[in-house]
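Let me begin by presenting the structure, written as structure tokens, before commenting on it.
The values are calculated or read from the model by the stated rules, or taken from the named source; none is laboratory data. Since the model is a prediction, treat every value here as computed from it, not as a measurement. No Cβ is skipped: glycine too gets one built from the backbone with ideal geometry, and neighbour counts run over all protein chains shown.
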Amino acid sequence: MRNLILLFALAANVAAQQDRWTEAFDFERIEMPAGIDPQIGGLDVTPSGKLAMCMHRGEVLIYDPATGAWAQFAEGLHEPLGLLVESDASMLVMQRSELTRLRDADGDGKADEYETVFDGFGMTGNYHEFAFGPVRDAAGNLYVALNTASNGAGIREEIRGDWSDIGVERERMTTRGKEWGAVKVAAGRMYARVRWRGWVLRLSPDGETAEPFACGFRSPDGIGFDAEGRLLVTDNQGDWLSTSKVHHVREGLFHGHPASLIWREEWTQNPLEVPVPALEELRTPAMALLPQGELANSPTQPIAIPRGVFGPLSGQTIIGEMNQKSLVRLLPDCEGEVSQAAAVPFLRSDALGIGNHRLAFTDDGSLWVAKTHLSWAGADGLVRVRWKGPSAGMFAVEQVKLMPGGFDLRFTAPVDVESLAGVTVRSHSYRYHVHYGSPKVDEREERLSAPTLDDGGRNVQLQLDDPLAAQVYTIDLGSVRSQGGRALLGDKVYYTVVKPR
């Protein structure tokens, strides 16, 4: 009976959270055109304010929010999972096999030129070799991210690009049917036997030259820049990934999944034979660990909230999420070479739904959420999200800073001091190992000193009685209210502590 009561209480709390989101935001599902598989792989906004999106079955569609009209710009693409608009008549699309420029040369609203911009990466025919991006930095360079292959299947006899002899022999990797069971473990759960699998690549602005930028990724379905110009990449839980993660990606770094190491210069060892402590020495920790099943399951695209949009949250970063009815709001807390962050649930509501794959903002402040499932968990279609404005309220955690022995939280409005009595903090860590995911380890309830406030009640300091030794600290703010009685939009903070090397 006690467990049943707790279950009902949890359901009531979730429902209350969802009600708060719909009180503050308007959610509108857009009707998709008939005859189109409504899974969206990439999304961007044209200079004229229309939405360009590439679809799972290879079409590129244009949607005009002003009129509700749809038009087809291109077709025949191979599983495109990223799109970057260059002008109303030109865009880059990341197909499985290449980065392609689509251009409308005669001005009739349809692409009549399909130009290969970059195809200098390997392919084995494995079903898991997705390709993501592109995104562009302030200097005009392009970045793309490449998935590793899965040992759910082997490779084709014909491949594209260089083959690495490090690992199981190529002939055995082509095995089919029941015989593959004797090969798959030795192959590694995810593998990168052709060039640049598991890497982020940097391309020159014209795409003519490419260079390896960073490695160690498993399934980097999200790539984007925040408002400070940091390149962020999300990766999904799996082998070597204790939980889903957000990485601050910088040139030359290794981010944890060892399969891609075979494409580092002068690398000669099978990554599966490298001791874990040696890999740990090479690895740059993720800036944010997203607890699996609580905050995220399959994080996707990071995007900066434009200045002036969503009130006090403008300039912050949000991240898509495939399997949960929410997005993630990321609050970086970077110091020198150490990148760490807090993560908070955002728009957690039935009205948003699951499958939240690609994100874009239009000039009117609308957030457009494009959905897919790729035959896994997820959904399809397009949702428009608009903040109802200051009258609807925006009581939320605005910033989280690590301080000696605790955390400094800044809120968007003054906090009711008595409501802080219910704040709790739990901590845990994860294992870094070859296995799929990791349970939480070293879990404990942290003892708190009495919270203190300053800046008129907008800043709250939480001091822990014991030193900060864990990887993730979950700060439960469910009891917190503003001085006007508002509950928080996003009442849990997950802070990842990264120790300086």
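Would you point out the residue of the range 290-301, among those that are over 11 Å from the mean Cα position of the chain (by Cα) and either surrounded by 22 or more Cβ atoms within 10 Å (Cβ to Cβ) or polar (S, T, N, Q) (or both), that is farthest from K492 (Cα to Cα)? Quick ask: steps written out before the conclusion?
So the first thing to find is which residues in the range 290-301 are over 11 Å from the mean Cα position of the chain (by Cα), and the list is 291-295.
Applying the additional criterion that residues be either surrounded by 22 or more Cβ atoms within 10 Å (Cβ to Cβ) or polar (S, T, N, Q) (or both) yields 292, 295.
Numbers: Q292: 14, L295: 9 Å.
The residue in question is Q292.
Do the conditions hold for L99, that is, is it touching an Asp or Glu at 6+ places or on another chain (Cβ under 9 Å) and at pLDDT 95 or above? Outline the logic, then answer.
Values: touching an Asp or Glu at 6+ places or on another chain (Cβ under 9 Å): yes; at pLDDT 95 or above: yes.
Against the criterion (touching an Asp or Glu at 6+ places or on another chain (Cβ under 9 Å) and at pLDDT 95 or above), L99 qualifies.
Restricting to the range 330-365, name every residue that is farther than 26 Å from L84 by Cβ, out of contact with any helix residue (DSSP H, G or I) (no Cβ under 7 Å at 6 or more places or on another chain) and of a type in the set (D, E, K, R).
Scanning the range 330-365 gives D333, E335, E337.
Return the residues of the range 481-498 that are over 28 Å from the mean Cα position of the chain (by Cα) and in a loop (DSSP other than H, G, I, E, B); say none if nothing qualifies.
Within the range 481-498, the subset over 28 Å from the mean Cα position of the chain (by Cα) is 481-486.
Correct list: Q483, G484, G485, R486.
Among the listed residues G252, G238, which satisfies the condition of being loosely packed, with under 15 Cβ neighbours inside 10 Å and touching a residue at least 24 places away in the same chain (Cβ under 8 Å)?
On the way: G238 fails: loosely packed, with under 15 Cβ neighbours inside 10 Å.
After applying the criteria, what remains is G252.
Here are some residues: S429, S438, S479. Which one is out of contact with any strand residue (DSSP E or B) (no Cβ under 8 Å at 6 or more places or on another chain), surrounded by 14 or more Cβ atoms within 10 Å (Cβ to Cβ) and more than 28 Å from R20 (Cβ to Cβ)?
Details: S429 fails: out of contact with any strand residue (DSSP E or B) (no Cβ under 8 Å at 6 or more places or on another chain); S479 fails: more than 28 Å from R20 (Cβ to Cβ).
Going through S429, S438, S479 in turn, just one is out of contact with any strand residue (DSSP E or B) (no Cβ under 8 Å at 6 or more places or on another chain), surrounded by 14 or more Cβ atoms within 10 Å (Cβ to Cβ) and more than 28 Å from R20 (Cβ to Cβ): S438.
Confirm whether G229 is more than 19 Å from V135 (Cα to Cα) and surrounded by fewer than 24 Cβ atoms within 10 Å (Cβ to Cβ). Quick ask: steps written out before the conclusion?
Numbers: more than 19 Å from V135 (Cα to Cα): no; surrounded by fewer than 24 Cβ atoms within 10 Å (Cβ to Cβ): yes.
For G229, the condition - more than 19 Å from V135 (Cα to Cα) and surrounded by fewer than 24 Cβ atoms within 10 Å (Cβ to Cβ) - is not met.
Looking at the range 21-32, can you tell me whether even one residue there is assigned to a loop (DSSP other than H, G, I, E, B) and either at pLDDT 95 or above or exposed (fewer than 14 other Cβ atoms within 10 Å of the Cβ) (or both)? Walk me through how you get there before you give the answer.
Step one: list which residues in the range 21-32 are assigned to a loop (DSSP other than H, G, I, E, B), which gives 31-32.
Restricting the remaining residues to those that are either at pLDDT 95 or above or exposed (fewer than 14 other Cβ atoms within 10 Å of the Cβ) (or both) gives 31-32.
Taking every residue of the range 21-32 in turn, at least one turns out to be assigned to a loop (DSSP other than H, G, I, E, B) and either at pLDDT 95 or above or exposed (fewer than 14 other Cβ atoms within 10 Å of the Cβ) (or both).
Could you look through the range 326-339, keep only residues that are part of a strand (DSSP E or B) and modelled with pLDDT of 95 or more, and pick out the one that is surrounded by the most Cβ atoms within 10 Å (Cβ to Cβ)?
Initially, the range 326-339 is screened for residues part of a strand (DSSP E or B), giving 327-332, 335, 338.
Subset that is modelled with pLDDT of 95 or more: 327-332.
Numbers: L327: 26, V328: 29, R329: 23, L330: 24, L331: 21, P332: 22.
Taking the candidates together, the pick is V328.
Of the residues A342, A370, which is under 15 Å from R29 (Cα atoms), part of a strand (DSSP E or B), small (G, A, S) and modelled with pLDDT of 95 or more?
On the way: A342 fails: under 15 Å from R29 (Cα atoms).
Unique residue meeting the criteria: A370.
When you scan the range 302-325, how many residues do you find that are among the small types (G, A, S) and either buried (at least 24 other Cβ atoms within 10 Å of the Cβ) or not in a loop (DSSP other than H, G, I, E, B) (or both)?
If we filter the range 302-325 for residues that are among the small types (G, A, S), which is where we start, we get 304, 308, 311, 314-315, 320.
Next, from what is left, pick out any that are either buried (at least 24 other Cβ atoms within 10 Å of the Cβ) or not in a loop (DSSP other than H, G, I, E, B) (or both): 304, 311, 320.
Qualifying residue count for the region: 3.
Please enumerate the residues belonging to the range 395-436 that are assigned to a strand (DSSP E or B), of a type in the set (V, I, T) and in contact (Cβ under 8 Å) with a residue 60 or more places away in the chain. Let's see the steps before the verdict.
Just the residues of the range 395-436 that are assigned to a strand (DSSP E or B), to begin with: 397-403, 406-411, 415, 424-429, 436.
Filter once more, keeping what is of a type in the set (V, I, T): 397, 400, 415, 424-425.
Listed by number, the residues that qualify are V397, V400, V415.
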